[in-house]
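Below is one structure, written out as structure tokens; the observations come after it.
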Amino acid sequence: MSGGERFSSTYDLVEQMFYLYVRVVKAKDLPPGTLTSSCDPYVEVKLGNYKGRTKHIEKKLNPEWNQVFAFSKDRIQSSILEVFVKDKEMLGRDDYLGRVIFDLNEVPTRVPPDSPLAPQWYRLEDRRGDGKVRGDIMLAVWMGTQADEAFSDAWHADAASVYGEGVFNIRSKVYVSPKLWYLRVNAIEAQDVIPSDRNRLPELFVKGQVGNQVLRTRICPTRTTTPVWNEDLVFVAAEPFEEQLTITVEDHLHPTKDEVLGKITLPMTLFEKRLDHRPVHSRWFNLEKYGFGMLEADRRKELKFSSRIHLRICLEGGYHVMDESTMYMSDQRPTARQLWKQPIGILEVGILGAQGLLPMKMKDSRGSTDAYCVAKYSQKWVRTRTILDTFSPKWNEQYTWEVYDPCTVITLGVFDNCHLGSNAAARDSRIGKVRIRLSTLEANRIYTHSYPLLVLHPHGVKKMGELQLAVRFTTLSLANIFHIYGQPLLPKMHYLHPFTVNQVDNLRYQAMNIVATRLGRAEPPLRKEVVEYMLDVDSHMWSMRRSKANFFRIMSLFSGMITMGQWFNQVCHWKNPISSVLVHILFLILIWYPELMLPTLFLYMFFIGLWNYRFRPRNPPHMDTKLSWAEAVHPDELDEEFDTFPTSRSHDVVRMRYDRLRSVAGRIQTVVGDIATQARVVALVTGLYYLRHPRFRSKLPSVPSNFFKRLPARTDSML
């Protein structure tokens, strides 16, 4: 098999782009300077008008750089590649140490999965090229594609204007989210908790802290030195574990003051990892007296009569720790890898480029955009390289993910890079976002499409450009996909021991903060504003626009039945005599031949499905401004959606919005009252269903419920 055929089978969704790669590994036996008796060497790679240079290494005659340079084949302006070794001088001109020249016609071509080209030692030549000088340099020069392993870490010639730390911020990168666990702390009871004021009985509660997460139990209803709580505190912990669990028992003196009576700090490695619903053993821990003196005698006395606390603590791996909105979830597996099932398919995404991007900042008195794309699915995040100063960037990068559930969403966002200079406080600007639900993709088919990048601004919806993608979902087993549709959306523990709504919101917020912090440490960092936008951190905020959109989605759900009822009413009132006669004839036939009822019903359903099949979407759904009610939203409702929390608007505006909300709630109350008046039979059936015998109960949702929950609901198309 030729190299081109291998490339087409492994990197075939994007346009093939060739680059000249130069890997500068190290040098040896370089000559020292005449004045300093040392050398601060660096390497300069020159190809036509393009120059790239390594960092200089101080006082080294045998330096190591291990840096890769990439020159696009389309922009090569010379047939000669020159590699210079120079000595950096603090004052004056840098000294020339030697060079190596390559003829591009003799450079080999390497295409993965060929093994990397081994670097070789080359003797340095003088400036005129007619003699050898002291020193050797190890280089590897080859022609490759963007599928090469060196592509992501290479210095690109089209980013030659970037300097300093900005060089690292333009590279493509693959990130992995940290492995998240739920840390469940069950505070059961405590003993011998003595307050500082012996003349009063304490009002005790337990406070737990993991990093920035702080939770507390309710105050024990009985004022005693042996309190009982039996209350759970649930935190999010990231592996590898960096924080410790700090437990304090505190006395509530008055509304503005709490006094710490005992404290204990426990490492995460001490706790059991629970994979299922089996019970965890509890333990007693001695509490250290908070703030006892420095004398050893006092310390021994305090420990002898130490207070104790009874805790049940475990790391729960049977849950899926949600760091994103449940509407746009990209992973539904439990934390514990032991509970994972086999993948059902492979998702391949080719990020081709963008068209018609708008200027996001001013550079040299003109509009400019330095765009990059971020894709997130499951625990894997990818970031393309930054294409500088263009409104039509071409990335042509391809990435692959394993798929464990088709009812998941891949999210892609385009951003403007604002960290190319020395302004560390800048924030990368949002350009737009695309979401694709995998269940809307036909298996083994390549979708090549341009998706509009729509952003909702305080003044309305705005198109920021288009993102060009090539997507393919390859199934490994069709039977496994059908089996998945009958399984619960979330792991079993979410149904056996469910969290409250408030707990889910708090835990998701903490998980998002942890993911943003960990990804922000990478090089280049994936910054917090990018992670928040990709994870839809503000999707739970109140919005009149979203409420209207969801109301009309509910109405569209019943639109078919409403249309059928209107048609039947017209038949009954003989609005169309021909239709009424035909319905009467069909009714008489079904009465005389009842065995034809089901065949007739299925025949009608078949023809209706066949008719609607023509209107199926040819490409995956994208952001829909009509569905989101973004085109018809009132300006004040839009201003309310973008208002801060707490509000920054005047009292009159807030009062007007509150009155508007009261009027909407009043209409909802009227509708609910009418339903309640006419729904006695529904209430009777519902009551009997919920009162059924435990033998007919199951904490896990039924197969039909799982199937309908996995059907695409177009939530991914909403702004």
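The values are calculated or read from the model by the stated rules, or taken from the named source; none is laboratory data. The model shown is predicted, which means the values in this text are computed figures rather than measured ones. Cβ placement follows ideal geometry from the backbone for every residue including glycine, while neighbour counts extend to all protein chains displayed.
A few remarks follow.
- Condition check for TYR451 on (1) part of a helix (DSSP H, G or I); (2) closer than 23 Å to CYS407 by Cα; (3) not hydrophobic (A, V, I, L, M, F, W, C): one failure, at (1).
- Residues located in the range 222-279, provided they are over 14 Å from ALA190 (Cβ atoms) and charged (D, E, K, R): ASP232, GLU239, GLU242, GLU243, LYS257, ASP258, GLU259, GLU272, LYS273, ARG274, ASP276, ARG278
- Looking across the range 425-453, just one residue is under 22 Å from PHE415 (Cβ atoms), among the polar types (S, T, N, Q) and within 19 Å of the chain's Cα centre (by Cα), and that is SER429.
- Unmet criterion (only one of (1) over 26 Å from the mean Cα position of the chain (by Cα); (2) outside any strand (DSSP E or B)) for GLU243: (1)
- In the range 1-114, counting only strands (runs of 3 or more DSSP E) that sit wholly within it, the ones holding 1 or more residues that are modelled with pLDDT under 85 span 95-103.
- Those residues of the range 193-203 which are touching a Lys or Arg at 6+ places or on another chain (Cβ under 8 Å) and surrounded by 18 or more Cβ atoms within 10 Å (Cβ to Cβ), in sequence order: PRO202, GLU203
- Filtering TYR404, TYR399 for residues that are in contact (Cβ under 8 Å) with a residue 24 or more places away in the chain and under 13 Å from ILE351 (Cβ atoms) leaves a single hit, TYR399.
- In the set SER539, SER547, only one residue is part of a helix (DSSP H, G or I) and surrounded by 12 or more Cβ atoms within 10 Å (Cβ to Cβ); that residue is SER547.
- A count restricted to the range 393-436 and to residues that are more than 21 Å from ARG171 (Cβ to Cβ), among the charged types (D, E, K, R) and buried (at least 22 other Cβ atoms within 10 Å of the Cβ) stands at 3.
- Meets criteria (of a type in the set (S, T, N, Q) and either in contact with a Pro (Cβ under 7 Å, 6 or more places away or on another chain) or modelled with pLDDT of 90 or more (or both)) for THR335: yes
- Taking the numbered list (1) within 30 Å of LEU441 (Cβ to Cβ); (2) not in a helix (DSSP H, G or I) in turn, SER705 passes all entries but (2).
- Of all the criteria given as (1) at pLDDT 85 or above; (2) among the charged types (D, E, K, R); (3) in a loop (DSSP other than H, G, I, E, B), the one not satisfied by ASP636 is (3).
- Only residues that are at pLDDT below 85, part of a loop (DSSP other than H, G, I, E, B) and touching a Pro at 6+ places or on another chain (Cβ under 9 Å) were counted in the range 121-157, giving 0.
- Output for the range 313-349, where each listed residue is within 17 Å of VAL434 (Cα to Cα), of a type in the set (S, T, N, Q) and not in a loop (DSSP other than H, G, I, E, B): THR326
- As a summary of the residue check, ILE578 satisfies the conditions (1) within 24 Å of HIS277 (Cα to Cα); (2) of a type in the set (Val, Ile, Thr); (3) surrounded by fewer than 14 Cβ atoms within 10 Å (Cβ to Cβ) except for the one numbered (1).
- For ALA479: the one exception among (1) surrounded by 18 or more Cβ atoms within 10 Å (Cβ to Cβ); (2) more than 30 Å from ASP153 (Cβ to Cβ); (3) in the same structural domain as ILE346 (by TED's automatic domain parsing): (1)
- Output for the range 562-577, where each listed residue is under 29 Å from PHE552 (Cα atoms), more than 50 Å from the chain's Cα centre (by Cα) and among the hydrophobic types (A, V, I, L, M, F, W, C): VAL571, CYS572
- Selection from the range 172-217 of residues that are farther than 30 Å from TYR377 by Cβ, among the hydrophobic types (A, V, I, L, M, F, W, C) and in a strand (DSSP E or B): VAL185, ALA187, ILE188, ALA190, LEU204, PHE205, VAL206, VAL214, LEU215
- Enumeration of residues in the range 315-374 that are charged (D, E, K, R) and over 23 Å from the mean Cα position of the chain (by Cα): LYS361, LYS363, ASP364, ARG366
- Exactly one residue out of PRO498, PRO524 is surrounded by 12 or more Cβ atoms within 10 Å (Cβ to Cβ), assigned to a loop (DSSP other than H, G, I, E, B), touching a residue at least 60 places away in the same chain (Cβ under 8 Å) and on the phi < 0 side of the Ramachandran plot: that is PRO524.
- Residue among GLU231, GLU259, GLU250 that is in contact with a Lys or Arg (Cβ under 9 Å, 6 or more places away or on another chain), assigned to a strand (DSSP E or B), of a type outside the set (Val, Ile, Thr) and surrounded by fewer than 18 Cβ atoms within 10 Å (Cβ to Cβ): GLU231
- Counted residues, the range 637-660 - those being free of Cβ contacts under 8 Å to residues at least 60 places away in the same chain and among the hydrophobic types (A, V, I, L, M, F, W, C): 3
- In the range 662-702, residue farthest from SER330 (Cα to Cα) [restricted to those that are out of contact with any Pro (no Cβ under 8 Å at 6 or more places or on another chain) and not in a helix (DSSP H, G or I)]: ALA679
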